[in-house]
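Shown next, in structure tokens, is the structure this report addresses.
The values are calculated or read from the model by the stated rules, or taken from the named source; none is laboratory data. Treat the numbers as computed from the prediction; the structure is a model and nothing was measured. Neighbour counts are summed over all protein chains in view; Cβ atoms, including those assigned to glycine, are modelled from backbone coordinates with ideal geometry. Please note that ligands, DNA and RNA were not included when accessible areas were found on the heavy atoms of the full protein model with its side chains. Shrake-Rupley method; radii C 1.70, N 1.55, O 1.52, S 1.80 Å.
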Amino acid sequence: MRILVTGGAGFIGSHLCERLVEEGHEVMCLDNLCTGDPRNLETLQGHPRFRFILADAVSPINLTVDRVAHLASPASPVDYGRLSVETMMVNSLGTYQALELARKNGARFLLASTSEVYGDPLETPQGEEYHGNVNPVGPRACYDESKRFAEAMTSTYRRLYGLETVILRIFNTFGPRMRREDGRVVPNFILQAVAGEPITVYGDGTQTRSFCYVDDLVEGIRRALFTDAAVGEVINLGNDGEMTILELAERVRHLTGSASEISFRPLPEDDPQRRRPRLEKAREILSWEPRVSLEEGLSKVVEWFKEHPV
Ligand code: UDP
């Protein structure tokens, strides 16, 4: 199949491109490199079934495709704080352009949405039927609300045009190719622990997250692209092993044999207190299950940072 991956030079996008090429698909990767990195595509450069297109997803796209996987968007709180307008544009106008491309081609459309649509959830674990608790004027709104808009537009194209759509709500994911300056908790803690610097826990560290290793996530995305029963569905993807951020700090410290102290810093505004996906839909529809343990995944990230010092 011919598959367009927007945001294909990013952390998750590049793993997805590799996986799809390996399986024999023809992959077009569109990225403006605002947070993506061409080094993420090193293994694919020159491959006959891979093409990189340097472009912004907010511009009209004209390609022949069977599937569109729309992943383009800054995704770390530090990035979407720095690129707030760009984030809103790619999730609104960019989603429109990607949907239009899918509609013109009669292609299946997959939206990479996010657990952030649940905001600071009042229900836990979060099931797909929960409508969320989002502050529309807070510092995370540029991401949360524009992803909610992207979901609304995707659902509208399904209703209006009968487009085959799948919405995936992706929970915290980690793995090789997260950037050092990404600002997210896993790279921060690992780099701090390995350097013997204080591990910066925001707030009192009682807020929770559930971390999914990137290979597991990409397997879920791949299944969602090709499973007919996923069409028209909204599906959470992530790992349901919930832990506090303080516990994560301790596990990283233990794994790296670090003597770093824990340094408490102010909690960013609107930082969700609890996050854990309900995964029944993913298990049933995609026959999918996260498999990689936190320790195994973290070890791979530690190795990757060692091998990629800049
Ligand atoms: N966090 C932290 N220290 C850091 C970076 C993040 O304690 O150096 C916390 C952050 O406040 C949040 C959690 O870790 O509660 C996950 O943050 P991240 O930015 O990775 O992702 P989020 O789930 O908030 O989008």
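So here's what we get for this one:
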item	result
Residue in the range 44-52 that is open to solvent by 50 Å² or more (accessible area, probe 1.4 Å) and within 20 Å of T95 (Cβ to Cβ) present	no
Enumeration of residues in the range 1-41 that are in a loop (DSSP other than H, G, I, E, B), open to solvent by 20 Å² or more (accessible area, probe 1.4 Å), within 17 Å of R180 (Cα to Cα) and not acidic (D, E)	L33, C34, T35
Any hit, the range 276-293, residues being under 27 Å from T35 (Cα atoms), in contact with a Lys or Arg (Cβ under 8 Å, 6 or more places away or on another chain) and near the ligand (Cβ under 10 Å from one of its atoms)	no
Among residues of the range 53-96, those that are within 19 Å of D271 (Cβ to Cβ), of a type in the set (S, T, Y), open to solvent by less than 10 Å² (accessible area, probe 1.4 Å) and assigned to a helix (DSSP H, G or I), counted	2
Qualifying position, being part of a loop (DSSP other than H, G, I, E, B), closer than 24 Å to H25 by Cβ and within 22 Å of the chain's Cα centre (by Cα), among G232, G183, G220	G232
The range 130-167: number of residues that are exposed (fewer than 15 other Cβ atoms within 10 Å of the Cβ), in contact with a strand residue (DSSP E or B) (Cβ under 8 Å, 6 or more places away or on another chain) and not in a loop (DSSP other than H, G, I, E, B)	1
Residues that are buried (at least 16 other Cβ atoms within 10 Å of the Cβ), of a type in the set (D, E) and part of a loop (DSSP other than H, G, I, E, B), drawn from the range 97-129	D120, E128
Residues satisfying the stated conditions in the range 168-180, i.e. open to solvent by less than 10 Å² (accessible area, probe 1.4 Å) and in a loop (DSSP other than H, G, I, E, B)	F171, G175, M178
Residues being over 20 Å from V301 (Cα atoms) and of a type outside the set (D, E, K, R) - total across the range 238-269	6
Unique residue being open to solvent by 50 Å² or more (accessible area, probe 1.4 Å) and under 19 Å from I245 (Cα atoms) when the list is E261, E284, E289	E261
